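Structure record follows, encoded as C-alpha cells.
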Amino acid sequence: MTDTATNMRLKLPLTCFILEIIIIILFGVLVQYDKETDAKKWHLEKKSENKSDYENDFYYRYPSFQDVHVMIFIGFGFLMTFLQRYGFGSVAFNFLISAFALQWATLMQGFLHGLHDGKIDIGVESMINADFCTGSVLISFGAVLGKTSPVQLLFMALFEVTLFAVNEFILLSVLDAKDAGGSMTIHTFGAYFGLMVARVLYRPNLDKSKQRNCSVYHSDMFAMIGTLYLWMFWPSFNSAITAHGDDQHRTAMNTYYSLAACTLSTFAMSSLTAHDGKLDMVHIQNAALAGGVAAGTAGEMMLTPVGSMIVGFLAGIISVLGFKYLTPILEEKLKIQDTCGVHNLHGMPGVLGAIVGAVTASLASREVYGDGLEDVFPEIAKGHLSASTQGFRQAISLGVTLGIALLGGIVVGFILKLPVCGAPSDAICFEDNIYWEVPEDSPSHGDQLASVRTEESEKLNS
Amino acid sequence: MTDTATNMRLKLPLTCFILEIIIIILFGVLVQYDKETDAKKWHLEKKSENKSDYENDFYYRYPSFQDVHVMIFIGFGFLMTFLQRYGFGSVAFNFLISAFALQWATLMQGFLHGLHDGKIDIGVESMINADFCTGSVLISFGAVLGKTSPVQLLFMALFEVTLFAVNEFILLSVLDAKDAGGSMTIHTFGAYFGLMVARVLYRPNLDKSKQRNCSVYHSDMFAMIGTLYLWMFWPSFNSAITAHGDDQHRTAMNTYYSLAACTLSTFAMSSLTAHDGKLDMVHIQNAALAGGVAAGTAGEMMLTPVGSMIVGFLAGIISVLGFKYLTPILEEKLKIQDTCGVHNLHGMPGVLGAIVGAVTASLASREVYGDGLEDVFPEIAKGHLSASTQGFRQAISLGVTLGIALLGGIVVGFILKLPVCGAPSDAICFEDNIYWEVPEDSPSHGDQLASVRTEESEKLNS
Amino acid sequence: MTDTATNMRLKLPLTCFILEIIIIILFGVLVQYDKETDAKKWHLEKKSENKSDYENDFYYRYPSFQDVHVMIFIGFGFLMTFLQRYGFGSVAFNFLISAFALQWATLMQGFLHGLHDGKIDIGVESMINADFCTGSVLISFGAVLGKTSPVQLLFMALFEVTLFAVNEFILLSVLDAKDAGGSMTIHTFGAYFGLMVARVLYRPNLDKSKQRNCSVYHSDMFAMIGTLYLWMFWPSFNSAITAHGDDQHRTAMNTYYSLAACTLSTFAMSSLTAHDGKLDMVHIQNAALAGGVAAGTAGEMMLTPVGSMIVGFLAGIISVLGFKYLTPILEEKLKIQDTCGVHNLHGMPGVLGAIVGAVTASLASREVYGDGLEDVFPEIAKGHLSASTQGFRQAISLGVTLGIALLGGIVVGFILKLPVCGAPSDAICFEDNIYWEVPEDSPSHGDQLASVRTEESEKLNS
C-alpha cells in the first residue's frame, strides 16, 4: 500500500519533465545574454565606453558566485546529512530542488526585477540572485526534511521561488530596503515559510520514525562538511551582490568577525546548557552559523568590526537557546516538527539581522559613509529618504516578509497535502529506502532496514 | 603467488623515482617562467606597455584554475570512491597519477604548443592546460578502476598524456578547431582511450570480485562529494581558458544552465527506468554531470541560454539510458568492463558536445558575435575560413579524436598487460588490501577482508 | 572522578565568554576599517588618487583568502579526523580554536605590525595574516591531538598566537627576512612549539589508549578530504600575501610544482619503506604536503620551476623517513608523543624551507629579478643589504624561530598542566565521548564504547 503511494515512477519523471520543458520554453521566449555575456554587446560597450575586459562584472563577482554555489550544493546539502538513514535524500534532493529552483528563480526574479525590451537579461549577478533564492527554498527544506517526497519538494520550490521573488520585489524595489545578504529575504522568509509548511504537514505519529530521526557518528562528520563550507563562505554570500570596492570588502570582513564571535558563544552555550557539560553536535553544526545570518542585512553597512562581533555573539547565544528550549515547545505546543531546527539557525537570527539592519540604517550619515553613501543607501544620498525613514522601512520590510512567508507557507502546505504528491507514511519517515535504491551494507544498517521492513509488513498484516 | 606479483616494493618506487627524475631533468633544461611569472620580464612589460598588475593573467584565470584543480583532485578522486573497498585506491591513485600527469603534460603540451627560444614558457594558462590533460587520464582511470596496479596507472598516464598532447595539437593548431571545455580533447578522448584499454585488459573471471564491485551507504556519500564539486565547478572548467571578458562570462553561464537542466532530466530518467521508481545513486552521481561535458565545445559560443539547457537536458537522458541499457551490452557483447561507466558520462555526452559544437560553429556570423567573433572564431573573423568550413573542421576533429583514442588505447592496453606491471588477479579486484595497509575496523569490513583472504588461501591451496 | 575533572560545564563556557568579551572590548577600543574597507576613506582615496574599484585589494587577495580559509577549517580540520573515535574533537575543536585564534591574532599582529593613530587597521590582508597565525596554532594542535581538553587548547592558542606575533615581528620587521608562505613563522614555529608542549604534557601510560590511537577505513577517507584541500590550495597559501602581479603568480606556480614532485617521492618512499611494499595512508595524508611547507619561504623568489620540484622531491623523502624512523625515536627517547607527526610534515620540511629560502635569497641579483627586486627583496633593491646578508638574516631568522618556539612551548606546556584545565586521563585519550554527546551507532563503535566504559569502571572499582 505504502509502496503504491510513494512509488515515484510516473510522478517524479512527469513533474521533472513538465517543469523543465516549461522552463525551456520560457527561456527560449524571454531570456537573453546581458551586455556583459553577449559577444556583440560587450565588444560594443568596450569600444564605446573605452572599457577593458577586467571591468567585466565576471571578475568582480564570479569568485563570490562560486563560493555561494558551494554553499547551496555542498553547504546546505551536507548540513542535512546528519540523519543516519537519510543521507541520499538530504544531499540529492537538495541537488534536485536547487537545480530546478535556480532556473525558475532566473525567470521569476527576471520578471520582477524588470524586463529589457520584453526580455530577461542574465549574467553573473542574476546567477547569484538565483542561487540566493534557491537558498531560501533549502532553508524551508530543512524544516520538512525526511518527511516529504521529491515531488512535494519540487512543488514547494515552484511556489516558494515565486513568492520569494514577490517579497524581494516589494522589499528592494517598492520599499527601497537594503538586504544584500538576505537576513530578511532569504533567511527569515525561508524559515517561516518552511515552518508553516511543516505545521500544515504536521504528523501526529511521527514518533514511529523517531529511531531514525537522529544521527550516527559518521553522519555527523558528513554534516560538519556542510557546516564548515557554509561558515567559511558566508563572507562571500553576504558580499556577493554588494557594490564593487569597499562594499564587497567590508561586508566580507564584517561577516568574518561576526561568525568568529558566534562560534565562541555557540561552544560556550552548548556546554553550559548540558547537565554534564558535553558539547552537542547539533549546536556546533547549526548555531555557529547564526552569525552569518544575523549579519545579512547590516553586513554591508558601517557596522564596524566590533558591532559585527556583538551581533554574532548574540546570534550564537539565541540560536543554542532555541535548539535547547524552543524547538521542543514548537513541536509540542505549536505542532511544528522542524527537522533541522531552521527556526533557530535562520528564523530568529534572521529577525535579529533585520532589526540590526534597521537600527544601523537609521544611524547612517554622510559623515560616516562619505561618498560611499551613494553605494549603500542611494535613497538617503539622493535626499529622497532620511536615515530614520530608511530604518523604518527596513523594519516594515521585516513585517512584510513575515506576513508573506507565514501566509504563503500555509497555502503551499495545503497544496502539498494532496495525496498525489506521494508523501511517506509516519512510520517510514527519515528513511532513504522509500525513494532510493539503497545498498545493503554494514550490519547496523542491515538491522535497521530489517526492522523497517518488519514494521512495514506488520502494518500491512494488521 | 599473487602477493609476489602485486608487491609494489620495488616496482612503484622505481617507477616514481625514474619518472620524476626525468621530469626534473627536462624541466631543468627546457622550462622557464613566462613573461607574467618572471620578475624581470613582467616588470619590463609593465614599464614598456604601461600595464598594471591587475592585467597579469593570474587575476583573470587563477580562481578558475583553483576550481579546476579541485575538480581534478576532489571531484574525480571522490567520484570514484563509490566502491565499498576501493576508497583508498580511488582517491589516492587519482592523487598520484594526477601529480605525475600534470608535470608530464606541462612538458608534452609545451613541446607541441610551441617553444620560445627553445624553452617552454609556463604560467597559469599552462597550469590549467596541464590539469585539463590530467582530467583526460582520470576519465580513462575510471574505466579501469579497481583492476589496475599503480604502476600500470602511471604508465597509462605517461602514454595517454603524450597522445593527448598530439591530438590536441592536431585539433587546435592544425585544424583550427575550437574546444575550450574539451568535449573532444578531454572527454571523448579520455573515454574512448580508457574503454579500449579496458577492452584489452578484459578479465573473463571478474565476477569473482563482483561482491566488491558495488557501493555501501557511506561510500555513496563520499562519491557525492566528488559529484557535487564537479557539478559546481564545471562552469569554471569550461570557461577557464576562453578569452577574457564576455567569453569567460558567457561560457560559465551556459554551462551553469546546461547542468541545471541535465540534473532534472537525470532524476526523471533514473526514476522512470526503475521498475519501482526508486532513484539510483549511480545515475545521480554521474549522469547529472553530462550537461557539463556536452557544453564543453559550444559553451564559449553564442549557444544561448535556452540552447545550453536543451543540450544539457538531452545529455542527461542519453547518459542515464547508457547506464541502464548500454553498459551491460558493452560488458557482455564487446567485453568492455567499464567500472565507472565513463562511456555514459564522458563518451556519449562528449560526442554530443562535439556535434553541438560543430553545428553551432557552422552558424556563426558577425551579425551575432559582433567584434567578439575575433575571440571565439579568429579564423572566421580573419576571413580564412567560412562558418560552414569551421563547422566541418569541428566534425573532422571529432573523427580524429576518436581515431587516436581508439588506436592509442589498444596499443597502450597491450603495454599495460606486461606482467611486470603487477596487476591484481581477477579474484582480488576492487580491493584496497592489495596495495594498501588497511586498518581492520568494523565487522562488515573485517568479514569481507576475511572472505577475501579465505578465497585467496583457497586459491593457493588448490 | 574522571567525570568531574573533564566536565566542561563551567570551565569551557567561562573561558569562551571571558576571552570573547575581552576581544570585543579590545576591538571596540582599538580596531577600525582600513582605507579599503571604510566607505568614506575608500571613496576619498578613489577620488584623490583617481583609482578604480578593481584596484581595491579585495580583488587581488580575496580568492586567495578564501582558499586559505578552507585550508584552516576544512584542511587542518579534516586532516586530523583520521582517528577512529576523535572525529568530533578533531574537526570541531579545530573550528573552536581557529575562530578564537583569528580574532586574537588580529589584535596581536595589529599591535606589532604598527598602529595607525593608535588604531589597528584591518582588511583582507590582515584577515589572511590572522588565518596564517591560526594555522600555526593548528599545527601545534596536531602534536597534542586527542590528549587535551578544549580549555587547554584555547589557552594554548592564546599564548601561542601572542608568541607567534612576537616572532613574526622580529623576523619581518627587525631582521627584514622574507617568509611569505611561512616556512619559518608558521610551520617551523608551530611544529616545534607543539612538540615542546607535547613533551611537557608527556603521558607515560598513553598505551592504555593506544587501541583508539589509529584509524578506521572511513576515518582515513575523511582525512583525505583534509589532505587534498591543503594540497590543492597550498599555492594560494604561499602566494596570498606576496606582492601583486608576477609575485603572486610565480609563488603559486612554484608551489604547484613543488607539491607535484613531492607527491611522487612520497608514494615512492611509502612503498619502499614497507616490507610488503604496501602504501601507508599516514604518509600519503601527510608527507605529500611537505612540498608546500618547504616552498614557503623561497616560493616567492626566482626559485625556478625545476628548483621548486627538487625542493618538493626532497621534502617528500624527508617526511616519509621521519614518519617511519624518527617518530618512534621521538616518542621513546625524547618522550614526545606527536599524535599527527607534525615534526615530519611541518617541522623538518619547515627547516628545509627556511634553508632553501636563505640560499635562494643569497643568490638574488638585479640581473635575475630586474625591477621585480623591489617587490621580493626591497632591502637589497634599496642597497641597504647585500644578497648574502639577506641570506644570512634568513638563516638567523630560522634560529630565532626555533628558539622562541622551543622555549615558548615549554613554558606554555607547564601552564597547560594546571589541573583546572580538565585534561583527560591516559586511559581515555583519543575519545570523543569525554567532551561530546556521541550518538550510539554501529556495533563496532558500540563495542569500543562499551570497552572504554568497562575499563573506566574497572579503574574506579580498583
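The values are calculated or read from the model by the stated rules, or taken from the named source; none is laboratory data. Only a predicted model underlies this, so the values are computations on that prediction, with no experimental measurement involved. Heads up, the Cβs are rebuilt from the backbone with ideal geometry, glycines too, and the neighbour counts pull from every protein chain shown.
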Checking B:209, B:215 in turn, the sole residue that is more than 13 Å from chain A (Cβ to nearest Cβ), among the hydroxyl-bearing types (Ser, Thr, Tyr) and farther than 18 Å from residue B:354 by Cβ turns out to be B:209
Take residue A:63 and decide whether it is at the interface with chain B (Cβ under 7 Å from one of its Cβ atoms) and either within 30 Å of residue A:220 (Cα to Cα) or hydrophobic (A, V, I, L, M, F, W, C) (or both). yes
Of these, B:312, B:307, B:277, which one is within 12 Å of chain A (Cβ to nearest Cβ), over 30 Å from residue A:424 (Cα atoms) and surrounded by fewer than 24 Cβ atoms within 10 Å (Cβ to Cβ)? B:307
Just to verify a result, which residue in region B:360-384, among those that are assigned to a helix (DSSP H, G or I) and among the small types (Gly, Ala, Ser), is farthest from the other protein chains (Cβ to nearest Cβ)? B:362
Scanning region B:365-375 residue by residue, those in contact (Cβ under 8 Å) with a residue 24 or more places away in the chain and surrounded by fewer than 24 Cβ atoms within 10 Å (Cβ to Cβ) turn out to be B:368, B:369, B:375
I'd like the full set of residues that are closer than 17 Å to residue A:172 by Cα and polar (S, T, N, Q), limited to region A:361-385. A:362
Do the conditions hold for residue A:106, that is, is it in contact with a strand residue (DSSP E or B) (Cβ under 8 Å, 6 or more places away or on another chain) and within 9 Å of another protein chain (Cβ to nearest Cβ)? yes
Just wondering, is there one or more residues in region A:183-199 that are part of a helix (DSSP H, G or I) and surrounded by fewer than 24 Cβ atoms within 10 Å (Cβ to Cβ)? yes
Residue A:98: more than 25 Å from residue A:430 (Cα to Cα), small (Gly, Ala, Ser) and at pLDDT 95 or above, yes or no? no
Quick one: would you say residue C:271 is among the small types (Gly, Ala, Ser) and touching a strand residue (DSSP E or B) at 6+ places or on another chain (Cβ under 7 Å)? yes
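Per-residue answers, yes or no, for (1) part of a helix (DSSP H, G or I); (2) in contact (Cβ under 8 Å) with a residue 60 or more places away in the chain; (3) buried (at least 24 other Cβ atoms within 10 Å of the Cβ):
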| site | (1), (2), (3) |
| --- | --- |
| A:75 | yes, yes, yes |
| A:79 | yes, yes, yes |
| A:89 | yes, yes, yes |
| A:94 | yes, no, yes |
| A:98 | yes, no, yes |
| A:102 | yes, no, yes |
| A:133 | yes, no, yes |
| A:141 | yes, yes, yes |
| A:155 | yes, yes, no |
Residue count for region B:342-351, restricted to those that are surrounded by fewer than 24 Cβ atoms within 10 Å (Cβ to Cβ) and in contact (Cβ under 8 Å) with a residue 60 or more places away in the chain: 1
Candidates C:202, C:217, filtered to the one that is of a type in the set (Phe, Trp, Tyr) and free of Cβ contacts under 8 Å to residues at least 24 places away in the same chain: C:217
Can you find a residue in region C:44-52 that is in contact (Cβ under 8 Å) with a residue 24 or more places away in the chain, more than 7 Å from chain A (Cβ to nearest Cβ) and buried (at least 18 other Cβ atoms within 10 Å of the Cβ)? no
Can residue A:110 be described as in a helix (DSSP H, G or I), surrounded by fewer than 24 Cβ atoms within 10 Å (Cβ to Cβ) and among the small types (Gly, Ala, Ser)? yes
Enumeration of residues in region B:243-274 that are among the polar types (S, T, N, Q) and surrounded by fewer than 24 Cβ atoms within 10 Å (Cβ to Cβ): B:273
Could you check region A:273-307 and list, in sequence order, the residues that are more than 17 Å from residue A:240 (Cβ to Cβ), more than 21 Å from the chain's Cα centre (by Cα) and of a type outside the set (Val, Ile, Thr)? A:274, A:275, A:276, A:277, A:278, A:279, A:280, A:302, A:303, A:305, A:307
Collect the residues in region A:288-298 that are away from chain C (no Cβ under 12 Å) and among the small types (Gly, Ala, Ser), keeping them in residue-number order. A:290, A:292, A:294, A:295, A:296, A:298
Of the residues B:66, B:32, only one is part of a strand (DSSP E or B) and not hydrophobic (A, V, I, L, M, F, W, C); which? B:32
Hey, could you check region A:1-29 for residues that are facing chain B (nearest Cβ under 8 Å) and not in a helix (DSSP H, G or I) and say which is surrounded by the most Cβ atoms within 10 Å (Cβ to Cβ)? A:8
Output the residues belonging to region C:103-145 that are in contact with a Lys or Arg (Cβ under 7 Å, 6 or more places away or on another chain) and under 22 Å from residue C:79 (Cβ atoms). C:128
